[in-house]
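The structure appears right after this line, and notes come after that.
The values are calculated or read from the model by the stated rules, or taken from the named source; none is laboratory data. Quick caveat, the model's predicted, so the values are computed rather than measured. For neighbour counting, all protein chains shown are included, and Cβ atoms are generated from backbone atoms with ideal geometry for every residue, glycine included.
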Amino acid sequence: MKTALVTGGSRGIGKAIAQKLAETSNVAVGYSNSKEQAVEVVNSIQANGGNAIAVQIDVTDNESVEKCFELIEKELSSVEILVNNAGITKDNIFPRLKQDDWDSVIDTNLTGSFRASQRAIKGMMKNKWGRIVFISSVAGISGNMGQSNYAASKAGMIGLAKTISKELGSRNITSNVIAPGYIDTDMTSFLNDEQKEDIIGQLSIKRVGKPEDIANMVSFLCSDESEYITGQVFPVDGGLTT
Amino acid sequence: MEVNEVFEKVKNLFVDELGIDAEKVTMEAKLEEDLDIDSLGIVEVVMAFEDEFEIEIDDEELTDVGTVGQAVNLLHSKL
């Protein structure tokens, strides 16, 4: 069984990804602050017969990233599947956006993906097999009101993923991006009913996305069946960006 | 560590990490032409050196390394 690490795996999309990957892999559920929720995800996986551990990983901190990988290598094996899912938002309309909020979003979403990917690639190069999936956003493709920092970080992940795909394809390492649309999670819970109806009106599939919609795509991109697919961006958005 | 000990370790890394035939790994062998190591392969070798010898190698130090012997001498000088 292969070993997967899902950063930000304790909640929302990351939780669904961890649970889905656990059907075929050992899963390290990465969390930054929500330890209890990560343990709940681990328990739910184990209750279904899967194998999982909870590991702390603050993707803004090199030392924490190193510790996390060392723990996974000790408890499971080297990380063969990495899902860069940890992300934050600090929304503000661009003229009012503070640099601190720019910096922290870029540092977590984009530079955090860099840190985790670079560490993961060490083992993947040795194994001559690896899967990296970046959870970006349709905001990274189309931009989004009030999310200049978030959109820039998510667009940056696309450039990173595409470059990794070119550099490491010869070692059977694929690197792909999923761009979720409006998914029903804590991150979108601030939307009121009217806003939700507005959004649904723009979609071809007339419902808000579920975390499982993303997890299904991640699962495919992490499988052996997807070995000829790399450097691509897959919107999973109910038709929002067509 | 003696130069020949470094060479033996280096040879093992080439064989184990990159699957290169042991007899091809001589001090004179050119990394790219004789051993068919691409640029990513050189990165793999360097990372393996860093782990094996517990050292850090700067990219600048690598610019003059084209043969196994030059790599061995660089490593020997850093130990």
Discussion item. For the range A:96-111, check the following and say yes or no: at least one residue is aliphatic (A, V, I, L, M), farther than 22 Å from A:Gln232 by Cα and surrounded by 21 or more Cβ atoms within 10 Å (Cβ to Cβ).
Written reply: yes
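Here is a yes/no grid of residues against (1) polar (S, T, N, Q); (2) within 14 Å of chain A (Cβ to nearest Cβ); (3) over 23 Å from A:Ile121 (Cα atoms):
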site: B:Leu18; (1), (2), (3): no, yes, no
site: B:Lys30; (1), (2), (3): no, no, yes
site: B:Val68; (1), (2), (3): no, no, yes
site: B:Asn73; (1), (2), (3): yes, no, yes
Fill in: Residue pairs meeting the criteria (Cβ under 6 Å; at least 6 apart or on separate chains; first without any contact (Cβ under 8 Å) to a residue 40 or more places away in the chain, in the range A:50-64; second part of a loop (DSSP other than H, G, I, E, B) and crowded, with 17+ Cβ neighbours inside 10 Å)
A:Gly50/A:Ala22; A:Ala52/A:Ala22; A:Asp58/A:Ser32; A:Ser64/A:Ile57; A:Ser64/A:Asp58
Practice prompt. Test B:Asp38 against the criterion of being within 12 Å of another protein chain (Cβ to nearest Cβ), free of Cβ contacts under 8 Å to residues at least 40 places away in the same chain and in contact with a Ser or Thr (Cβ under 8 Å, 6 or more places away or on another chain), and give yes or no.
Written response: yes
Response to the item:
Given (1) modelled with pLDDT under 90; (2) under 12 Å from the mean Cα position of the chain (by Cα); (3) small (Gly, Ala, Ser), B:Ala29 misses just (1)
Worksheet item: Quick one: would you say B:Met1 is touching a strand residue (DSSP E or B) at 6+ places or on another chain (Cβ under 8 Å) and aliphatic (A, V, I, L, M)?
Response: no
Worksheet item: Would you call B:Gly66 closer than 28 Å to A:Gln118 by Cβ and in contact with a strand residue (DSSP E or B) (Cβ under 8 Å, 6 or more places away or on another chain)?
Response: yes
Worksheet item: Would it be correct to say that B:Asp16 is modelled with pLDDT under 90, surrounded by fewer than 17 Cβ atoms within 10 Å (Cβ to Cβ) and part of a helix (DSSP H, G or I)?
Response: yes
Discussion item. Of the residues A:Glu167, A:Glu194, A:Glu212, only one is in a helix (DSSP H, G or I), farther than 27 Å from A:Asn26 by Cα and either touching an Asp or Glu at 6+ places or on another chain (Cβ under 8 Å) or among the acidic types (Asp, Glu) (or both); which?
Written reply: A:Glu194
